[in-house]
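Asker: Structure provided below as structure tokens; questions to follow.
None of the figures in this text is laboratory data; all of them are computed from the coordinates on show. Please read these numbers as outputs of a predicted model, since none were measured by experiment. Methodologically, a virtual Cβ is constructed for each residue, glycine included, from the backbone with ideal geometry; neighbour enumeration extends over all protein chains shown.
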Amino acid sequence: MSDLNDTIRAAEKAALNLQNAMVQADMMREELGRALRQQREERHISLREVARQLNVSAVYVSDMERGNRNPMTNPSRLMQWVQILRDAA
């Protein structure tokens, strides 16, 4: 019975750690999206122009900026976005 209780406690701890990591990832995704939007707006680049250069829809870009999509799932696209911002600086 002790082994079962130990296993249950370990599973609960792992689930809590995973939940905390997911919350942190969500916060980072939202923070990155806000930073990308802020930089885009400061450079007076339209959302549609970023979308055109990334070859994605404006809705997709908007979703990334609002934290509804994770820009980190496609590192090459994220680097392309950063280059768009650099070129406009």
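Asker: Going by what's in this entry, would residue 31 be described as among the charged types (D, E, K, R) and either surrounded by 11 or more Cβ atoms within 10 Å (Cβ to Cβ) or at positive phi (or both)?
Answerer: Yes: the conditions hold for residue 31.
Asker: Could you run through the stretch 61-74 and say how many residues are surrounded by 15 or more Cβ atoms within 10 Å (Cβ to Cβ), closer than 18 Å to residue 34 by Cβ and not β-branched (Val, Ile, Thr)?
Answerer: Looking only at that region, the number is 8.
Asker: Something else about it: Across the stretch 65-82, which residue is farthest from residue 30 (Cα to Cα) among those that are touching a helix residue (DSSP H, G or I) at 6+ places or on another chain (Cβ under 8 Å) and in a helix (DSSP H, G or I)?
Answerer: The selected residue is 80.
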